[in-house]
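Taking it in order: structure first as structure tokens, then the write-up.
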Amino acid sequence: MSILEAVGGLGPDSAVERVVLARELPKRTIALVLAGGRGSRLMDLTDRRAKPAVYFGGKFRIIDFTLSNCINSGIRRIGVLTQYKSHSLLRHLQRGWSFLRGEQNEFIDLLPAQQRVNEAFWYRGTADAITQNIDILRAYEPEYILVLAGDHIYKQDYSLMLLDHVESKAKVTVGCIEVPRMEATALGVMHVDERRRITDFLEKPKDPPAIPGKPDRALGSMGIYVFDAEYLYQLLEQDGADDSSEHDFGKNLIPKIVRDGGALAHPLNLSSIPASTRHRPYWRDVGTVDAFWAANLDLASDLPELNLYDRNWPVWTYQEQLPPAKFVPDERGLNGETSNVLVSGGCIVVGSNIRRAVLFSNVKVDACCTIHEAVIMPDTTISRGCRLSKVVIDRGCKLPEGAVIGENADEDSRRFYRTESGVVLVTKEMLDKLQAT
């Protein structure tokens, strides 16, 4: 029985019907999280891990935000599709996301590329990743399928998007958000009519079309799609048989549905969390070193745009059992100063000055250091007398005594990776190479 049949008889405009729908739809939905991409614009941060596994916000991974949205929205049947350097991601999911109860039909299934359909191919595109798991998907018997990107930072109630999809009777509902026009070169860009029907869709255009009346803004796809399950199966089978297709949602499937007149846009401000911020919903791609650095540091600001402290919509993750963070004076009895700093468990800071920074777990900062606008990932040691400014330090780095990073553009570019705006990325491999020369 379909969900519409289950609540039939209440009347099309019944408030009770909408409440029942909103509660029941997540139970009849499978969420598929596409988490196989490298995220090459993050440079060396994704040399050892897929983009969804990159650390974010002091204690989380990027994928935790998408998975937490699922759990908080009532969706507890989830498949995670992986491919590129997935070990770090799979380990994180096994350790931190095993709390769902299989006896209650709750699960997170890990779906790495296995050449299930054709032994000649791994995942060839986002649509092909689902096509290659279609037998598993059918066995779940979902009524609706929610396709999600696992590499964005945001909070959204997916049940409201599902409700919008069912009430509109669209073939596909596409999550979207207004973004600065030139930032949309990395996204799908769409035009919509007054009923939110998508009339045009371009995947990653070099010159994104603007929103009418807003020359500096574009309507970008969030990489979120809702389908009726049977319709998606048919669509994937047709696409799989098309040798000219790139087997990608943004390049092939969504444009086809748009041409057929069956695609609906769902702006994030209809379902973002918390509801009080829907006039300006939060969503970040964090797909470049600059964007990643800025989004992390915003969390350390006086009034961050993303609230990590909302107990009504928590962000779940795996975290080691670590002692509390500790600040101690140096040998002269000087404590140093800190302001606007996120500090995670296991950190020890000795008599140093730290402003606008995010310290992940097990970071050690020795005495007489000056750290400003820094994102420092787990298990990093910063030796005595270091000066760091506008940096991202990858996991496991050990900075030598007196290291200076972020003050000399030429030196930083020679030794590390430096963006055009001056953010310096430092990895263990870069430091090892310096020590070897």
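Return yes or no: is Ile75 touching a helix residue (DSSP H, G or I) at 6+ places or on another chain (Cβ under 8 Å) and assigned to a loop (DSSP other than H, G, I, E, B)? Don't jump to the end; show me each part of the working.
Values: touching a helix residue (DSSP H, G or I) at 6+ places or on another chain (Cβ under 8 Å): yes; assigned to a loop (DSSP other than H, G, I, E, B): yes.
Yes.
From the list Gly125, Gly79, pick out the single residue that is under 20 Å from the mean Cα position of the chain (by Cα), of a type outside the set (Phe, Trp, Tyr), open to solvent by 10 Å² or more (accessible area, probe 1.4 Å) and under 25 Å from Lys251 (Cβ atoms).
Values: Gly79 fails: open to solvent by 10 Å² or more (accessible area, probe 1.4 Å).
From the options Gly125, Gly79, the qualifying one is Gly125.
Taking region 364-382 on its own, how many of its residues are over 23 Å from the mean Cα position of the chain (by Cα) and either under 13 Å from Val392 (Cβ atoms) or part of a strand (DSSP E or B) (or both)? Spell out how you get there, then give the answer.
Within region 364-382, the first condition is being over 23 Å from the mean Cα position of the chain (by Cα), and the residues that meet it are 364-372, 380-382.
If we keep only those that are either under 13 Å from Val392 (Cβ atoms) or part of a strand (DSSP E or B) (or both) too, we end up with 364-365, 370-372, 380-382.
Residues that pass the stated criteria total 8.
Exactly one condition in (1) assigned to a helix (DSSP H, G or I); (2) open to solvent by 10 Å² or more (accessible area, probe 1.4 Å); (3) among the polar types (S, T, N, Q) is false for Ser68; which is it?
Among (1) assigned to a helix (DSSP H, G or I); (2) open to solvent by 10 Å² or more (accessible area, probe 1.4 Å); (3) among the polar types (S, T, N, Q), the lone unmet condition for Ser68 is (2).
Matching residues to (1) closer than 18 Å to Cys347 by Cα; (2) open to solvent by less than 60 Å² (accessible area, probe 1.4 Å):
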site	(1), (2)
Cys369	yes, yes
His372	yes, yes
Pro378	yes, yes
Lys390	no, yes
Ile393	yes, yes
Leu399	yes, yes
Gly406	no, yes
Tyr417	no, no
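Yes/no matrix, rows are residues, columns are (1) assigned to a helix (DSSP H, G or I); (2) among the aromatic types (Phe, Trp, Tyr); (3) in contact with a strand residue (DSSP E or B) (Cβ under 9 Å, 6 or more places away or on another chain):
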site: Pro304; (1), (2), (3): no, no, no
site: Asn312; (1), (2), (3): no, no, no
site: Thr317; (1), (2), (3): no, no, yes
site: Phe327; (1), (2), (3): no, yes, yes
site: Arg332; (1), (2), (3): no, no, no
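Each row is one residue, and each column tells you yes or no for (1) at pLDDT below 85; (2) in contact with a Ser or Thr (Cβ under 9 Å, 6 or more places away or on another chain).
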| position | (1), (2) |
| --- | --- |
| Arg77 | no, yes |
| Lys85 | yes, yes |
| Gly96 | no, yes |
| Gly102 | yes, no |
| Val117 | yes, yes |
| Ala127 | no, yes |
| Thr131 | no, no |
| Leu137 | no, no |
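Restricting to region 199-228, what's the tally of residues that are among the aliphatic types (A, V, I, L, M), out of contact with any Gly (no Cβ under 9 Å at 6 or more places or on another chain) and within 25 Å of Ala31 (Cβ to Cβ)?
1
Pick from Ser413, Ser383: which is surrounded by fewer than 18 Cβ atoms within 10 Å (Cβ to Cβ) and free of Cβ contacts under 8 Å to residues at least 12 places away in the same chain? Even if it seems obvious, please write down each step before you answer.
Numbers: Ser383 fails: free of Cβ contacts under 8 Å to residues at least 12 places away in the same chain.
That would be Ser413, the only listed residue that is surrounded by fewer than 18 Cβ atoms within 10 Å (Cβ to Cβ) and free of Cβ contacts under 8 Å to residues at least 12 places away in the same chain.
Quick check on Leu253: is it among the hydrophobic types (A, V, I, L, M, F, W, C) and at pLDDT 95 or above?
Values: among the hydrophobic types (A, V, I, L, M, F, W, C): yes; at pLDDT 95 or above: no.
Answer is no for this residue.
Taking only region 291-324 into account, find how many residues are open to solvent by less than 50 Å² (accessible area, probe 1.4 Å) and over 17 Å from Leu359 (Cα atoms).
Residues in region 291-324 being open to solvent by less than 50 Å² (accessible area, probe 1.4 Å) and over 17 Å from Leu359 (Cα atoms): 6 in total.
The values are calculated or read from the model by the stated rules, or taken from the named source; none is laboratory data. On a predicted model such as this, the values are computed, not experimentally measured, just so you know. Glycine gets a Cβ as well: all are built from the backbone with ideal geometry, and neighbour counts include every protein chain shown. Each accessible area value is taken on the protein alone, full model and side chains, heavy atoms only, with ligands, DNA and RNA left out. Shrake-Rupley method; radii C 1.70, N 1.55, O 1.52, S 1.80 Å.
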